């Protein structure tokens with residue numbers, strides 16, 4: 001988990017970049033410690049037909065940039081990886097401008113969610129159709145396959161462009177930081193299972209919603225799985241010295257962490273603790289956790 005990195009050159013807001021023949025990227029102007037330089041919207045397909053993945057925040061300059069990047073192409077689908085507010089709110093206004101259906105992840109709003117460090121859920125998201133694992137979005141000369149990857153959120157999907165070997169990973173895998181896994185919806189066991197699933201795939205490149213493309217996916221996923229297992233071992237080692245509250249664990253595990261990220265770190269520690277409790281390795285009493 002890292003703070004937003006500085007950039008030598010200004011981020012390319014309100015324009016588009018072509019990453020490969022069937023992939024264009026438009027960066028939204030919503031940088032933060034959790035979004036890096038902002039949310040990256042991907043236009044996938046040809047000059048005739050395309051899909052829009054993660055339309056991003058409902059901000060007029062970003063929508064105008066998307067319309068310019070779409071040009072004369074027909075938008076066959078607007079697909080969201082999940083429903084945090086930095087990903088899906090532009091779906092409805094983009095659908096209104098293009099006539100395209102919103103097809104992708106299931107709606108999810110947690111009105112009783114605890115205070116979050118990352119973006120809260122989008123209450124406006126209303127898809128025309130929900131994709132199940134393995135279902136397809138198709139256009140002229142291209143195919144996107146939905147890959148269910150719960151963990152960051154229970155409704156998270158990645159999308160595989162089968163013709164090129166690219167995987168659009170949303171927030172499940174990012175090239176600049178590990179993702180936040182925040183209970184009650186974020187689930188560490190589900191996240192780890194989804195990571196193992198991606199490790200078994202043979203994708204050529206990952207395009208995350210935040211941060212640079214990942215050109216060595218297996219290497220990164222293996223490292224992220226190892227990182228989470230290391231965090232688990234740290235928790236167990238500290239609890240071996242006695243009961244701890246989550247802020248104490250965060251202070252010992254994340255030395256020198258940016259204050260803005262400590263809430264998110266605490267949520268990830270909680271996710272690990274819930275997983276460990278479900279495996280009968282730890283127990284909680286009040287605000288403190290201890291080994292069984």
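Structure data summary
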| item | result |
| --- | --- |
| Inter-label distance for residue 133 and residue 204, nm, one decimal - labels placed 7 Å from Cα along Cα-to-Cβ | 2.6 nm |
| Burial order of peptide ranges 46-55, 164-173 (average beta-carbon count within 10 Å, highest first) | 164-173, 46-55 |
| Convex hull volume per residue for the range 8-103, taking Cα atoms only, in Å³ | 88 Å³ |
| Value of [θ]222 nm, deg cm²/dmol, for the chain, DSSP H segments ≥ 4, -39500 (n - 2.57) each, nearest 500 | -8500 deg cm²/dmol |
| Cα→Cβ-extended label distance, 7 Å offset, between residue 252 and residue 124, nm | 4.5 nm |
| Kirkwood estimate for the range 140-179, i.e. one over the average of 1/r between Cα atoms, Å | 10.9 Å |
| Option label - Cα Rg over 2.2 N^0.38 Å computed here, alternatives (i) 0.92; (ii) 1.21; (iii) 1.01 | (iii) |
| Candidates 232, 163, 135: whichever shows maximal mean-square fluctuation once the chain is modelled as a Gaussian network with Cα springs under 10 Å | 163 |
| Estimated FRET transfer efficiency (residue 241, residue 193; beta-carbon r; R0 25 Å; 0.05) | 0.25 |
| Spin-label pair residue 284/residue 32, simplified geometry with 7 Å Cα→Cβ offset, distance in nm | 2.4 nm |
| Cα centroid separation - the range 171-188 against the range 219-292, whole Å | 14 Å |
| Highest-fluctuation residue, 211, 223, 175 considered, GNM on the chain with Cα pairs under 10 Å | 223 |
| Residue with peak Gaussian network fluctuation, the chain [Cα springs, cutoff 10 Å], from 71, 104, 45 | 71 |
| Spatial separation of Cα centroids for the range 150-164 and the range 23-43, in angstrom | 17 Å |
| Virtual paramagnetic centre 7 Å along Cα→Cβ of residue 67, amide N under 15 Å, in the range 79-101 | 90-100 |
| Antiparallel content of DSSP bridges confined to the chain, in %, to 5 | 70 percent |
| Inverse mean reciprocal Cα-Cα distance (Kirkwood Rh) of the range 215-288, Å | 13.2 Å |
| Computed FRET value (nearest 0.05) for residue 15 with residue 277, which takes r as the C-beta separation and R₀ as 51 Å | 0.60 |
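No lab work stands behind these numbers, since they all come straight from the coordinates. Because the structure is predicted, anything quoted here is derived from the model rather than measured. When we count neighbours, we look across all protein chains shown, and the Cβ atoms used for this are built from the backbone with ideal geometry, even at glycine.
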